[in-house]
Amino acid sequence: MKAIEFRKYGPPEVLKVVEKNKPAPGPGEVLIKIHATAINSGDWRVRKADPFLVRLFFGLFRPKKSARVLGSVLSGTVEGLGEGVSRFSIGQAVFGMSDLALGCYAEYICLPENAPVVSAPETLSHEEAASIPFGLHTAHHFLKPVPLNKDSRVLVIGASGAVGSAAVQLARMKGCHVTAVTSGTNAQLVKSLGANRVVDYRSESLGDLEPFDLVIETVDRTPNGLLRTLVKPGGHLILVSAGVKDMLLASLRARRWGVSIYTGVASVKAEDMELFRTMIESGEYKPVLEKVYAFEDVVEAHGHAEAGHKQGNIALKIV
């Protein structure tokens, strides 16, 4: 089978299309033929070992063999079942995540039956379906513990990205008043997702905004001093892309600032994916897909993702 592999950390050019053996499902595993995946911030951060902590999980000097094939999201069809598997059937269209197991930049993958993979929404293409899990599960994970209602004022910084566009839609579903921070070129997009107000960071100052009940920082570019003024006393701050230092200091800053701060790694379960499918099929949530790249154009696609400023997600077509 074809796969995209990298054997050293570095720029997009370290990614190479290679031939690998097609996996066979073991007991309790499902073999999925992948039709599409998506390129997310987690992919290029692992590829370039940024932050350095990546090396502690995926290989200190070079990627471990198990981490050479990137990609944590997929849309495809079930092609094989291991002994004892009853949750899936041959030919079933599915979408979901391999999560930290990675491996989705390939034509096939074997995952445990209890992996966060479920039946795909019938209304979406494989590329659209693959573009959903990363941003939606991340936004959903961080928003779950935050008490929100129709009177809540929410600020989303980086509102047009994968996580930001998902956060805007989830906050809208709860009836919140959503202010979206993005470039002027993406203003119409975030309004279509439910933002009540758009702030163009290129021409407007965030320091002029009244404090919010919840601030969601998705791009890790807002100074801590400014973040502190943007959150109401007793409010909530979500740091989606916080580095190790900010994670370690979160509890201390929360006490000093008088707010609740949420950081860490987003987790996902099959039940979450079932919820996401329901949201999509009901029309409450819609995918935001900027561009689909061919399998062989992965270097260009990674450059696009790493440069930032993308609209939602970019997909990689496998077959």
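Database remark: amide H of Phe212 closer than 5 angstrom to the amide H of Val231, Lys232 (H placed geometrically; neighbours at sequence offset of 5 or more, or on other chains; Pro and chain starts carry no H). Taking the chain as a Gaussian network of alpha-carbon nodes connected by springs under 10 Å, the highest mean-square fluctuation of the residues Arg62, Arg202, Arg47 belongs to Arg202. With the biggest extent put first, the Cα atoms of segment 23-166 measure 50, 42, 25 Å across the principal axes. Note on the chain: with a GNM built from Cα contacts shorter than 10 Å, the maximum mean-square fluctuation among Phe88, Phe212, Phe57 falls on Phe57.
As a rough guide to protection, the peptides 242-248, 190-196 ranked by mean Cβ packing within 10 Å, highest first, stand as 190-196, 242-248. When each of Glu284, Glu107 is scored by the number of other beta-carbon atoms lying within 10 Å, the sequence from fewest to most is Glu284, Glu107. Here segment 143-166 is scanned for amide nitrogen atoms under 11 Å from the site 7 Å beyond the Cα of Ser267 along Cα-to-Cβ, giving none.
Cross-linked pairs Lys2/Lys286; Lys245/Lys269; Lys64/Lys144; Lys2/Lys48: Cα-Cα separations exceed 24 Å for Lys2/Lys286; Lys245/Lys269; Lys64/Lys144. Extending 7 Å from Cα along the Cβ direction at Ala254 and again at Ser183 yields two label points whose distance is 3.5 nm. With a Förster radius of 22 Å applied to the C-beta separation of Lys144 and Leu100, the computed FRET efficiency comes to 0.65. When shorter helices are ignored and each DSSP H run of at least 4 residues is given -39500 (n - 2.57), the per-residue value for the chain at 222 nm works out to -8000 deg cm²/dmol.
Sequence-ordered 3J(HN,Hα) estimates for segment 188-195 from the Karplus curve with 6.51, -1.76 and 1.60 and θ = phi - 60° stand at 5, 4, 5, 5, 5, 8, x, 5 Hz, glycine and proline given as x.
Take every Cα pair under 8 Å whose residues are at least 6 apart in sequence, average their separation, divide by the length of the chain, and the relative contact order is 20 percent. Calculated FRET efficiency, Lys232 to Ser86, Cβ-Cβ distance, R0 = 51 Å: about 0.55 to the nearest 0.05. The packing ranking, built from the mean of other Cβ atoms within 10 Å per residue, places the peptides 93-103, 164-174 in the order 164-174, 93-103, highest first.
Sorting 256-268, 132-144 by average packing, meaning the other beta carbons within 10 Å per residue, from highest down gives 132-144, 256-268. Extension gain, Ser192-Glu284: 0.36 nm per intervening residue step, less the Cα-Cα distance, totals 31.9 nm.
Modelled spin labels at Glu79 and Ala307, positioned 7 Å past Cα toward Cβ, are 3.3 nm from each other. Applied to segment 64-80, the Karplus parametrisation 6.51 cos²θ - 1.76 cosθ + 1.60 on θ = phi - 60° returns per-residue 3J(HN,Hα) values of 5, 3, 6, 10, 6, 9, 7, x, 10, 10, 7, 9, x, 10, 6, 10, x Hz, with x for Gly and Pro.
Coordinate-derived values only; no laboratory data. The structure displayed is predicted, hence computed values, not measured ones. Glycine also receives a Cβ, built like all others from the backbone with ideal geometry; neighbour counts cover every protein chain displayed.
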